[in-house]
Each structure stands twice: as structure tokens, then as C-alpha cells.
Amino acid sequence: MAKVINPPEYNHVYLYLLGIAFMVLNKVRHGIMGYKTPRTFATTEIERSVDYCINVVNQHELQLQKYTGTNNPFNRKKILEIGPGPDLGTGFCMIAKGALRYTALDKNKLVSQTPDIFYEVLLKKLKDFPNYVNAINAFKTFKRKTNNSIIKYIYDPEFKFKEIQDGSYDMLVTQAVLEHIDNIKCTFQKIKNKITPNGVLSNLVDASTHTRYIRDIDHCNLLRYSDFIYNMLKFDGSPNCLRASQYEKIFKELDYKNINIVPNKITDSVYVNKLKAHISPKLKDDDTLHILSFYLLAST
């Protein structure tokens with residue numbers, strides 16, 4: 001069941017100006033420092049990082065169990081993850097649950113941020129997983145950078161996917177990544193060719209405002225601005241403003257099958273009705289405005 005978020009009430013002008021102020025600050029900060037913090041906590045928080053990865057995989061597993069009707073949806077699967085963030089923890093978790101192979105592809109080279117102690121703590125917590133030994137062996141070969149490692153990392157800043165052979169993966173998993181892709185249609189046209197026929201996709205999409213503090217009081221603040229203003233103030237890593245219905249439409253146009261939108265977090269009707277008075281007319285009739293985050297599941 002989706003978690004319901006009830007934001008406090010604030011004046012629209014205040015929220016509008018506050019959003020612009022934070023966008024300007026973030027644009028300057030990212031322009032100077034680059035994109036380095038995909039999560040809301042530091043990579044030095046080892047226990048928190050480990051628990052985060054395990055929880056991400058467990059939640060995808062739960063959604064895939066319902067979607068595929070199988071108890072272990074990762075078993076014997078070759079899995080591709082787009083945008084793993086600062087570590088490959090989710091990959092080792094899925095290997096420990098039975099996956100045959102895991103490849104992570106990212107446009108931002110962030111994995112060097114995470115120290116080896118993270119993987120040591122993670123692997124200890126995976127000892128009760130059915131294929132724990134495979135995860136241990138995968139870590140050893142990955143660290144030696146051998147060609148036979150079942151864990152692979154690809155740095156692909158332009159999302160060209162040239163290093164991935166067509167039809168080489170059974171499953172795609174992403175966590176809070178789709179909202180950072182500007183051209184969803186183009187990207188998922190390429191991805192479709194990389195997944196086997198009847199392959200499965202599980203994507204957690206965070207469609208709310210990403211700016212800290214504002215996201216707690218005005219979850220859809222990013223919808224208050226014209227395309228001109230938002231595009232002028234966006235930076236690499238800004239969300240794309242698409243709603244659940246728009247993702248669904250794009251996936252249908254690409255001929256993906258069995259598309260499911262499963263709300264993860266939603267907001268109340270009071271907030272949505274007030275928001276409608278201050279957003280683009282093309283979104284006012286969108287019946288998925290209340291969905292703040294959701295799982296998008298589909299098959300090829």
C-alpha cells in the first residue's frame with residue numbers, strides 16, 4: 001500500500017520564490033562541484049549505505065514477485081542496472097539472491113567514492129542469502145578486475161549502450177534514475193534492444209521535487225514553473241518533471257507490454273487541488289498528479 005504524504009500549507013508565492021532560490025543555489029553548487037551526491041546521505045555512512053542497498057533490492061524483489069508470479073524473480077537472471085550510484089551494493093545483493101550476472105551502467109563515475117569496507121560489511125549481512133558464496137566469489141573477481149567477473153561496471157556518460165550486446169540481459173532494474181533522464185523515449189528504445197524477449201523491467205521513479213527541505217513541504221514544487229524558467233535553472237541531475245501517466249504513455253508508444261504503475265508514495269487531494277491552480281494547463285487534468293513515487297514495471 002502506498003504511503004500517504006500530507007504536506008503543510010504554505011502560500012504559493014512563498015513556495016514559488018523559495019523554489020527558484022534553491023534552484024539557483026543548486027545550479028551554482030553543481031556547476032562548481034559537479035554531480036557527486038546521488039543520495040541524501042554520505043558514502044561514509046557505511047551501515048546506512050549497506051541497509052539502503054539491501055532494502056532497495058528487497059523492495060524490487062517484492063514488486064517483481066507480484067508482477068511475475070515467482071518467489072525468486074532474480075534467480076538465474078542476467079541483470080542490467082542503470083545508475084547504481086556510488087556503489088554496486090545492489091548487484092551483490094541480487095547475485096546473493098541467485099542472479100547469474102550483473103552489469104551496472106552509469107553516466108556519472110561515482111563508484112570510486114565508496115571504500116572497500118562498505119563491501120565487507122555488506123557481504124557479512126548477506127551471509128544468510130541463498131547464493132551468498134557466489135556474491136563472495138564475485139567480489140573477489142571484481143576486485144581483481146578479471147574478465148570472467150560476473151559483476152561489471154560500465155561508465156557511459158552519453159548513454160550510448162555500445163558496450164552492451166543486444167538481447168544480453170533478462171532484466172533491467174533502476175532506482176530513482178528515470179526522473180533524471182531527459183529523453184526517456186530515446187533511452188528506452190535503446191534499452192529495449194538490450195533486453196531479451198519477455199524480459200522484465202522494474203523501475204522505481206521519484207517524481208517529486210528533489211530539492212532538500214522543499215520536498216518536505218511542497219512535493220511537486222518543480223511543476224510550478226514554466227518550461228523556460230525550469231530549463232534555464234536546471235543542471236545535470238535535475239528531475240525531468242514527467243508524471244506517471246506520461247511515462248506510461250511513452251512505454252506504450254515503444255511497444256513495451258504489461259505496463260504496471262504501482263504507487264509507492266502519494267499525496268492528498270487537498271494539496272493536489274491547490275497545486276492545480278499554479279501549474280501548466282496541460283497537467284491540470286492529469287489523474288496521476290498525486291503520485292509522488294512509483295514502481296514502473298513492464299516487459300519486452
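Values quoted throughout were computed directly from the atomic coordinates according to the rules given, and no laboratory measurement underlies them. This one's a predicted model, so the numbers in the text were calculated from it and none came from an experiment. Because the Cβ atoms are built from the backbone with ideal geometry, glycine has one as well, and the counts that use them run over all protein chains shown.
Among the residues making up segment 15-62, a single one is in a loop (DSSP other than H, G, I, E, B), closer than 18 Å to Glu81 by Cα and of a type outside the set (D, E, K, R): Pro38.
Checking Gln65 against (1) without any contact (Cβ under 8 Å) to a residue 24 or more places away in the chain; (2) farther than 22 Å from Leu296 by Cβ; (3) assigned to a helix (DSSP H, G or I), which single condition isn't satisfied? The failed condition is (2).
Conditions (1) surrounded by fewer than 19 Cβ atoms within 10 Å (Cβ to Cβ); (2) of a type in the set (Ser, Thr, Tyr); (3) more than 19 Å from Leu17 (Cβ to Cβ); (4) in contact with a Gly (Cβ under 7 Å, 6 or more places away or on another chain), marked per residue:
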position: Ser202; (1), (2), (3), (4): no, yes, yes, no
position: Val205; (1), (2), (3), (4): no, no, yes, no
position: Ile217; (1), (2), (3), (4): yes, no, no, no
position: Tyr230; (1), (2), (3), (4): no, yes, no, no
position: Asp236; (1), (2), (3), (4): yes, no, yes, no
position: Val262; (1), (2), (3), (4): yes, no, yes, no
position: Thr267; (1), (2), (3), (4): no, yes, yes, no
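Going by what's in this entry, would Ile95 be described as in contact (Cβ under 8 Å) with a residue 24 or more places away in the chain, within 22 Å of Phe139 (Cα to Cα) and under 16 Å from the mean Cα position of the chain (by Cα)? No. Each residue in segment 1-20 was checked for being out of contact with any strand residue (DSSP E or B) (no Cβ under 7 Å at 6 or more places or on another chain), hydrophobic (A, V, I, L, M, F, W, C) and surrounded by 12 or more Cβ atoms within 10 Å (Cβ to Cβ), and 3 pass.
In segment 1-14, how many residues are over 22 Å from Asn264 (Cα atoms) and not in a helix (DSSP H, G or I)?
Residues flagged as over 22 Å from Asn264 (Cα atoms) and not in a helix (DSSP H, G or I) within segment 1-14 amount to 3.
Residues in segment 252-278 that are under 16 Å from Asn221 (Cβ atoms) and touching a Phe, Trp or Tyr at 6+ places or on another chain (Cβ under 9 Å): Lys265, His278.
Listed here are the residues, each with its yes/no results for (1) assigned to a loop (DSSP other than H, G, I, E, B); (2) surrounded by 20 or more Cβ atoms within 10 Å (Cβ to Cβ); (3) among the small types (Gly, Ala, Ser).
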| residue | (1), (2), (3) |
| --- | --- |
| Pro84 | yes, yes, no |
| Asp87 | yes, yes, no |
| Thr90 | no, yes, no |
| Gly98 | yes, no, yes |
| Ala104 | no, yes, yes |
| Lys109 | yes, no, no |
| Phe118 | no, yes, no |
| Val121 | no, no, no |
| Phe129 | yes, yes, no |
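Okay, residues lined up against (1) within 30 Å of Glu163 (Cβ to Cβ); (2) out of contact with any helix residue (DSSP H, G or I) (no Cβ under 6 Å at 6 or more places or on another chain):
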{"residue": "Thr44", "(1), (2)": "no, yes"}
{"residue": "Cys53", "(1), (2)": "yes, no"}
{"residue": "Val57", "(1), (2)": "yes, no"}
{"residue": "Glu61", "(1), (2)": "yes, yes"}
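Say we look at segment 272-300 and pick out the residues that are touching a residue at least 12 places away in the same chain (Cβ under 8 Å) and among the polar types (S, T, N, Q); which of these is farthest from Leu80 (Cα to Cα)? Here the answer is Ser280.
Would you pick out the residues in segment 168-182 that are hydrophobic (A, V, I, L, M, F, W, C), part of a strand (DSSP E or B) and within 14 Å of the chain's Cα centre (by Cα)? Those that are hydrophobic (A, V, I, L, M, F, W, C), part of a strand (DSSP E or B) and within 14 Å of the chain's Cα centre (by Cα): Leu172, Val173.
Is it fair to say Asp287 is surrounded by 15 or more Cβ atoms within 10 Å (Cβ to Cβ) and of a type outside the set (Val, Ile, Thr)? It is false that Asp287 is surrounded by 15 or more Cβ atoms within 10 Å (Cβ to Cβ) and of a type outside the set (Val, Ile, Thr). Taken over segment 153-181, the criterion of being among the charged types (D, E, K, R) and either touching a helix residue (DSSP H, G or I) at 6+ places or on another chain (Cβ under 7 Å) or surrounded by 19 or more Cβ atoms within 10 Å (Cβ to Cβ) (or both) is satisfied by Asp166, Asp170, Glu179. Residues that are in contact (Cβ under 8 Å) with a residue 60 or more places away in the chain and farther than 15 Å from Lys78 by Cβ within segment 136-152 are absent altogether.
So is Tyr119 closer than 27 Å to Asp166 by Cβ and of a type outside the set (A, V, I, L, M, F, W, C) or not? No; evaluated as a whole, the condition is false for this residue.
Is it the case that segment 248-256 has a residue that's charged (D, E, K, R), in contact with a helix residue (DSSP H, G or I) (Cβ under 9 Å, 6 or more places away or on another chain), under 25 Å from Val4 (Cβ atoms) and surrounded by 14 or more Cβ atoms within 10 Å (Cβ to Cβ)? No, there is no match, as no residue in segment 248-256 is charged (D, E, K, R), in contact with a helix residue (DSSP H, G or I) (Cβ under 9 Å, 6 or more places away or on another chain), under 25 Å from Val4 (Cβ atoms) and surrounded by 14 or more Cβ atoms within 10 Å (Cβ to Cβ).
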